[in-house]
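Colleague: I am attaching a structure below and will ask some questions about it afterwards.
The values are calculated or read from the model by the stated rules, or taken from the named source; none is laboratory data. Please read these numbers as outputs of a predicted model, since none were measured by experiment. Using ideal geometry, Cβ is built from the backbone for each residue, glycine included, and neighbour counts are taken over all protein chains shown.
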Amino acid sequence: MDAFLCPAHVSAIIGARVYEAFAERHTKPCVVAGFEPLDILYGVAGLLEQLARREASVVNQYGRVVRSEGNPRALSLMNGCLETAPAVWRGLGEIPDSGYRLRPAFAAFDAESRFGVSVTPGRVHPGCRCGDVLKGMIEPPQCRLFGRACTPEHPYGPCMVSSEGSCAARYKYARCA
């Protein structure tokens, strides 16, 4: 399925509307869904309905938490304190303007500048193909580390670290199928 389940926890702040330009530009269906099993099922059903109709829009299946415009108070606070910046995403590398940093007026609260420390990004194992999994180029079992060296108990890459990770979910639920 070539579509996107958009995360409810992020969308509760930024809103569902922010995905509209993406859905239109890339002609990909998007559904904002929660993390409970029924929420995920509703989200998948919404994606399948759009795909069947050959549509690409944004549907908010999590209206009890997410509003179209997001949380105006939280957005106002964020915009007052933060500015966009390049960010390094595990498995994907650096993406311009995809993260936030404190605005210069708040530099006194930035541990890196205040204490003169620097945070070096972690390194992903060279055999890990998490980035390819995240981009939809391969399925988790196509990574030579998946389920062998890389397991939830001993993760080699970010997709296996958290229970929400693509590889961790596949590892856990593939046994149920």
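Colleague: Take the residues of region 79-98 that are touching a helix residue (DSSP H, G or I) at 6+ places or on another chain (Cβ under 9 Å) and modelled with pLDDT under 95: which is nearest to Val18 (Cα to Cα)?
Modeller: Trp89
Colleague: Within region 132-152, does at least one residue satisfy the condition of being of a type in the set (Asp, Glu) and in contact with a Cys (Cβ under 8 Å, 6 or more places away or on another chain)?
Modeller: yes
Colleague: From the list Thr84, Thr151, pick out the single residue that is of a type in the set (Val, Ile, Thr) and closer than 21 Å to Ala174 by Cβ.
Modeller: Result: Thr151 is the single residue among Thr84, Thr151 that is of a type in the set (Val, Ile, Thr) and closer than 21 Å to Ala174 by Cβ.
Colleague: Looking at region 155-175, is at least one residue farther than 30 Å from Lys28 by Cα and not assigned by TED's automatic domain parsing to the domain that holds His26?
Modeller: The answer is yes, given that some residue of region 155-175 is farther than 30 Å from Lys28 by Cα and not assigned by TED's automatic domain parsing to the domain that holds His26.
Colleague: Evaluate the following for Ala111: is it exposed (fewer than 12 other Cβ atoms within 10 Å of the Cβ) and aliphatic (A, V, I, L, M)?
Modeller: yes
Colleague: Still on this structure, please answer the following. Keeping to region 25-44, report how many residues are in a helix (DSSP H, G or I), exposed (fewer than 13 other Cβ atoms within 10 Å of the Cβ) and in contact (Cβ under 8 Å) with a residue 12 or more places away in the chain.
Modeller: Counting residues in region 25-44 that are in a helix (DSSP H, G or I), exposed (fewer than 13 other Cβ atoms within 10 Å of the Cβ) and in contact (Cβ under 8 Å) with a residue 12 or more places away in the chain gives 1.
Colleague: Looking for something in contact with a Leu (Cβ under 7 Å, 6 or more places away or on another chain), among the hydrophobic types (A, V, I, L, M, F, W, C) and part of a loop (DSSP other than H, G, I, E, B) - is there at least one such residue anywhere in region 1-24?
Modeller: Scanning region 1-24 turns up at least one residue that is in contact with a Leu (Cβ under 7 Å, 6 or more places away or on another chain), among the hydrophobic types (A, V, I, L, M, F, W, C) and part of a loop (DSSP other than H, G, I, E, B).
Colleague: Restricting attention to region 54-96, report how many residues are without any contact (Cβ under 8 Å) to a residue 24 or more places away in the chain and not acidic (Asp, Glu).
Modeller: Summing the residues that are without any contact (Cβ under 8 Å) to a residue 24 or more places away in the chain and not acidic (Asp, Glu) in region 54-96 gives 17.
Colleague: Quick one: in region 99-131, which of the residues that are among the hydrophobic types (A, V, I, L, M, F, W, C) and under 30 Å from Tyr156 (Cα atoms) is modelled with the lowest pLDDT?
Modeller: Step by step, filter region 99-131, then rank; the result is Val124.
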